[in-house]
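The values are calculated or read from the model by the stated rules, or taken from the named source; none is laboratory data. The structure presented is a predicted model; accordingly, all values stated were derived computationally and were not measured. Here the Cβ positions follow ideal geometry from the backbone for every residue, glycine too, while neighbour counts run over all protein chains shown.
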Amino acid sequence: MDSIVNFNSIKEYNEFNNNETLHPLVGVVHLDKAEPRQLRRLRYSFYTVFFKKINCGDLRYGLSNYDYEEGTLIFLAPGQVIGQYGEDYYQPQGIALVFHPDLIAGTTLGGKMHDYHFFSYAVNEALHLSEHERKVILDCFSKIEYELHHAIDKHSKQLIISNIELFLNYCTRFYDRQFITRDNSNKGILERFESLLDRYFISENPIKYGLPSVSWFAEELNLSANYFGDLIKKETSVSAQEYIQTKIVDIAKKRLFDVDKSISEIAYSLGFKYPQHFTRVFKQRTGVTPNEFRTVN
């Protein structure tokens with residue numbers, strides 16, 4: 001099997017796409033300058049954002065091929081692999097914003113990159129832009145590119161980083177819009193999540209596997225953990241973990257009415273390894289311990 005093509009520097013990626021390197025740690029790469037190339041798997045050692053104008057072969061993900069609309073953004077964190085091996089050739093199109101972690105190390109943006117969850121979304125959870133949003137995004141790219149072509153001075157780095165942060169903040173806003181405009185499909189995911197929760201706790205899974213994780217449900221729903229978590233937060237105003245804990249406590253309340261079962265038995269039946277953990281979670285959610293709840297009720 002062919003090896004993965006690794007890009008360890010911005011310069012390597014620029015050369016791969018026939019673009020000039022204006023800054024060693026950041027670039028706005030025009031992919032249409034690249035030569036037609038064969039499908040392959042690629043790994044980037046830097047943050048990469050693709051603005052796709054048309055469907056492109058290099059954005060096949062796993063065994064699936066996604067037909068992106070014009071004006072789609074795909075986000076890759078450093079180390080992520082994208083693409084698929086194949087015999088076909090394709091002409092890359094669109095624009096890529098690439099910036100190395102070293103560019104933002106020690107900056108405010110560097111300290112908050114973990115807040116931009118979309119860098120760990122799956123490719124099929126891309127951001128689809130409206131015509132107005134596309135103009136905003138292209139304007140951000142234009143400002144970054146202007147600074148790259150401008151003679152370097154004491155303001156250059158700060159302005160580039162500020163514009164990258166502005167771009168990412170717009171992307172956060174646009175993802176919030178996408179969650180809202182896809183409300184019907186999101187509600188379908190929420191309903192399936194609730195169904196999975198119900199089935200999990202009437203099965204032997206809690207005893208076999210313990211408490212269910214957010215990532216387990218995300219995998220069952222064919223979503224990335226971060227995208228699933230953000231979707232649930234937008235739909236319910238609580239985190240997916242809080243939602244799971246609320247379900248667990250609701251089930252626990254019903255089981256506590258069975259006085260023939262000890263607190264420990266109930267805890268184990270729900271997937272807790274230790275009764276003390278169950279007691280702590282229950283009290284955090286209700287304000288009373290399981291024993292106190294049972295006594296009062």
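What are the residues in the range 156-171 that are touching a residue at least 12 places away in the same chain (Cβ under 8 Å) and under 21 Å from the mean Cα position of the chain (by Cα), if any?
Correct list: Ile164, Glu165, Leu166, Phe167, Leu168, Tyr170, Cys171.
With the condition kept exactly as written, say whether any residue in the range 273-283 is touching a helix residue (DSSP H, G or I) at 6+ places or on another chain (Cβ under 9 Å), over 28 Å from His117 (Cβ atoms), hydrophobic (A, V, I, L, M, F, W, C) and not in a loop (DSSP other than H, G, I, E, B).
If we filter the range 273-283 for residues that are touching a helix residue (DSSP H, G or I) at 6+ places or on another chain (Cβ under 9 Å), which is where we start, we get 273-279, 281-283.
Then drop every residue that is not over 28 Å from His117 (Cβ atoms), which leaves 273-276, 278-279, 282-283.
After this cut, where a residue has to be hydrophobic (A, V, I, L, M, F, W, C) as well, the list is 278, 282.
If we keep only those that are not in a loop (DSSP other than H, G, I, E, B) as well, we get 278, 282.
Looking through the range 273-283, at least one residue is touching a helix residue (DSSP H, G or I) at 6+ places or on another chain (Cβ under 9 Å), over 28 Å from His117 (Cβ atoms), hydrophobic (A, V, I, L, M, F, W, C) and not in a loop (DSSP other than H, G, I, E, B).
If I ask for residues that are within 20 Å of the chain's Cα centre (by Cα) and of a type in the set (A, V, I, L, M), which ones from the range 202-224 would you list?
Correct list: Val214, Ala218, Leu221, Leu223.
Across the range 243-266, what is the number of residues that are outside any helix (DSSP H, G or I) and touching a residue at least 24 places away in the same chain (Cβ under 8 Å)?
Residues in the range 243-266 being outside any helix (DSSP H, G or I) and touching a residue at least 24 places away in the same chain (Cβ under 8 Å): 2 in total.
Return the total of residues in the range 270-284 being surrounded by fewer than 17 Cβ atoms within 10 Å (Cβ to Cβ) and closer than 22 Å to Arg199 by Cβ.
Final tally of qualifying residues: 1.
List pairs: first in the range 202-223 and within 21 Å of Phe119 (Cβ to Cβ), second of a type in the set (Lys, Arg), Cβ under 7 Å, 6+ apart or cross-chain?
These pairs meet every condition: Leu221/Arg192.
Do you know which residues across the range 98-147 are farther than 30 Å from Glu219 by Cβ, of a type in the set (A, V, I, L, M) and in contact with a helix residue (DSSP H, G or I) (Cβ under 9 Å, 6 or more places away or on another chain)?
Leu103, Ile104, Leu109, Val136, Ile137, Ile144
Can you tell me which residue is modelled with the highest pLDDT among those in the range 33-42 that are touching a strand residue (DSSP E or B) at 6+ places or on another chain (Cβ under 9 Å) and outside any strand (DSSP E or B)? First the steps, then the outcome.
From the range 33-42, those touching a strand residue (DSSP E or B) at 6+ places or on another chain (Cβ under 9 Å) are 36-42; that's our starting set.
Among the residues that remain, those that are also outside any strand (DSSP E or B) are: 36, 39-40.
Details: Pro36: 92, Leu39: 84, Arg40: 85.
Going through the qualifying residues, I end up with Pro36.
Which of the residues belonging to the range 160-204 are farther than 22 Å from Ser224 by Cα and either among the polar types (S, T, N, Q) or at pLDDT 95 or above (or both)?
Ile160, Ile161, Ser162, Asn163, Ile164, Glu165, Leu166, Phe167, Ser203
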